[in-house]
1. Restricting to the stretch 253-268, give me the number of residues that are surrounded by 17 or more Cβ atoms within 10 Å (Cβ to Cβ), more than 17 Å from the chain's Cα centre (by Cα) and not in a strand (DSSP E or B).
2. Would you mention how many residues in the stretch 105-131 are assigned to a loop (DSSP other than H, G, I, E, B) and either modelled with pLDDT of 95 or more or within 23 Å of the chain's Cα centre (by Cα) (or both)?
3. When SER410 is evaluated against the numbered criteria (1) out of contact with any helix residue (DSSP H, G or I) (no Cβ under 8 Å at 6 or more places or on another chain); (2) in a strand (DSSP E or B); (3) open to solvent by 30 Å² or more (accessible area, probe 1.4 Å), which criterion, by number, is the only one it fails?
4. Open to solvent by 30 Å² or more (accessible area, probe 1.4 Å) and either touching a His at 6+ places or on another chain (Cβ under 9 Å) or not in a helix (DSSP H, G or I) (or both): does that describe GLU349?
5. Kindly indicate whether any position in the stretch 109-132 is within 26 Å of PRO398 (Cα to Cα) and open to solvent by 20 Å² or more (accessible area, probe 1.4 Å).
6. Does the stretch 198-245 hold any residues that are farther than 21 Å from ASP270 by Cα, in a loop (DSSP other than H, G, I, E, B) and open to solvent by less than 50 Å² (accessible area, probe 1.4 Å), and which are they?
7. Restricting to strands (runs of 3 or more DSSP E) lying wholly in the stretch 416-460: which have 1 or more residues that are over 21 Å from LYS26 (Cβ atoms)?
8. What number goes with the only condition from (1) touching a strand residue (DSSP E or B) at 6+ places or on another chain (Cβ under 8 Å); (2) closer than 20 Å to LEU103 by Cβ that ASP303 does not pass?
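The values are calculated or read from the model by the stated rules, or taken from the named source; none is laboratory data. This is a predicted model, so every value here is computed, not measured. Every residue, glycine among them, receives a Cβ derived from its backbone with ideal geometry; neighbour counts consider all protein chains shown. To get the accessible areas, we keep the full protein, side chains included, count just its heavy atoms, and leave off ligands, DNA and RNA. Shrake-Rupley method; radii C 1.70, N 1.55, O 1.52, S 1.80 Å.
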Amino acid sequence: MNESDTKKAVESKQLPSLNDIEEMYKIDIKDNFDEHRESGKAALEYLENSTAKYKGQTIYSLYVPKILNPKTTQHFKEIAETMAGIMQKVIRAYQKDEQYRRLFDFSRDVERLILHNPLYENILPVCRVDIFYDEKDGSFYFCEFNTDGSSSMNEDRELCKAFEYTQLYNVLNKDYEIKSFELFDSLVDAFLENYRSYLYKVEKPTVAIVDFLELGCSVQEFEQFRKSFEKKGLSAFVCDIRDLYLDNNKLCTKDGTVINLVYRRAVTSDICEHESEIADFIDAVLTHKVCCMGSFCTQVAHDKSLFYILRHEMTKQFLTEKETAFIEKHIPYTAELTDSVIEENSVIENKDNWLIKPKNSYGARGIFAGVSSTRNEWEKAVSDNKNKNYILQQFITPYQTYNIDFHKESPELKKYSNLTGLYVYNGRFAGVYSRQSVSSIISSSYDENDIGTVFLEKRN
């Protein structure tokens, strides 16, 4: 589409394609650069004074948010809900079938936690599935699955507020309704819906949002969830998981408040690492002295070995034909990082085709990508981690779109790689978390930039 066609599409007030939207904002930023730069600085100033912090520092963000239309949003809904349904089937199969459990490599201690029955209906109350999405043709591959530790809802909330300060917002707002996803009250609603199916529920549960607070991505995010629970008329607290203790068979906070419902943000790997410090918490969950949202069984979906187990014949036995085809098409080739796999796939020689990841990690820790490594670095990474707790995975080149960084003294429009996170609450699509990077690796360990996510609707 040329410049004239793009302007006609905007002027018609019809909802454009994602590619048309990109052409439109590129044209407007170039034609009205000074106005966009000044408003971009205002947006950054808002963020600097907001709760958009990661480990005490303001998140690094770009000017243009991810701008969606209803067609793409509907596609995201289908992707997210299909994958969440498959993940729930896998968790239940793990819990029921001892032979299927052997496909995973969990320790006996972790298996004991996973086999705990949470006694509520939806065993996957919250997850975020990250995908590489091609905006031209709608094709996609899955990148990562996150469960109870799914985060960054607050980053999206603040980034969408910051966007309202920009000239680009004003341009779009002339012709379209600009909306964002609500990710806090909706999660609380999903949790309370699930809690109503809990066998030992109380009428007005007191809630604790728990993590190892020095490891948590954002205490400010926890505070937002606390406020959302309080809007429902419930008492809620943000607690370090190590401060909870049992008293007279009740799980209590440091000041003695009895807790009925826990929103667990502490990931299972951290729980196992600090097990001796949180014995009371684990006991309370396993003996149903408290309802934990979500239960430890979600570790099955979080573990990266799931990527190759999804293709296993035993998994295909309980999936539908449609679900099996979905996996075959959208899960990149994945295998355990063993000598034979390395040799069969010429992993050293074709380094740019591969990356390696620890099976049980988060926050992009321990990931090595051949494309961003020298030959010597790649050989060492593969050698150091083979035949251990690592997987080999096909490298997917991310789709790129134009953005601009107004932190820079001489900002310019250039291409950034995209990663899209799809939130699912109680099996239902809830929203999107978007990130971009100059490089083809999108993680906090490399060059990750947050952007808000908005969607356009026709004005009535």
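1. So the answer is 3.
2. Total meeting the criteria: 12.
3. In the conditions (1) out of contact with any helix residue (DSSP H, G or I) (no Cβ under 8 Å at 6 or more places or on another chain); (2) in a strand (DSSP E or B); (3) open to solvent by 30 Å² or more (accessible area, probe 1.4 Å), SER410 misses (2) alone.
4. yes
5. For the stretch 109-132, residues within 26 Å of PRO398 (Cα to Cα) and open to solvent by 20 Å² or more (accessible area, probe 1.4 Å): present.
6. Of everything in the stretch 198-245, those that are farther than 21 Å from ASP270 by Cα, in a loop (DSSP other than H, G, I, E, B) and open to solvent by less than 50 Å² (accessible area, probe 1.4 Å) turn out to be TYR198, PRO205, THR206, GLY233, LEU234.
7. Hits in the stretch 416-460: 428-437, 453-458.
8. (1)
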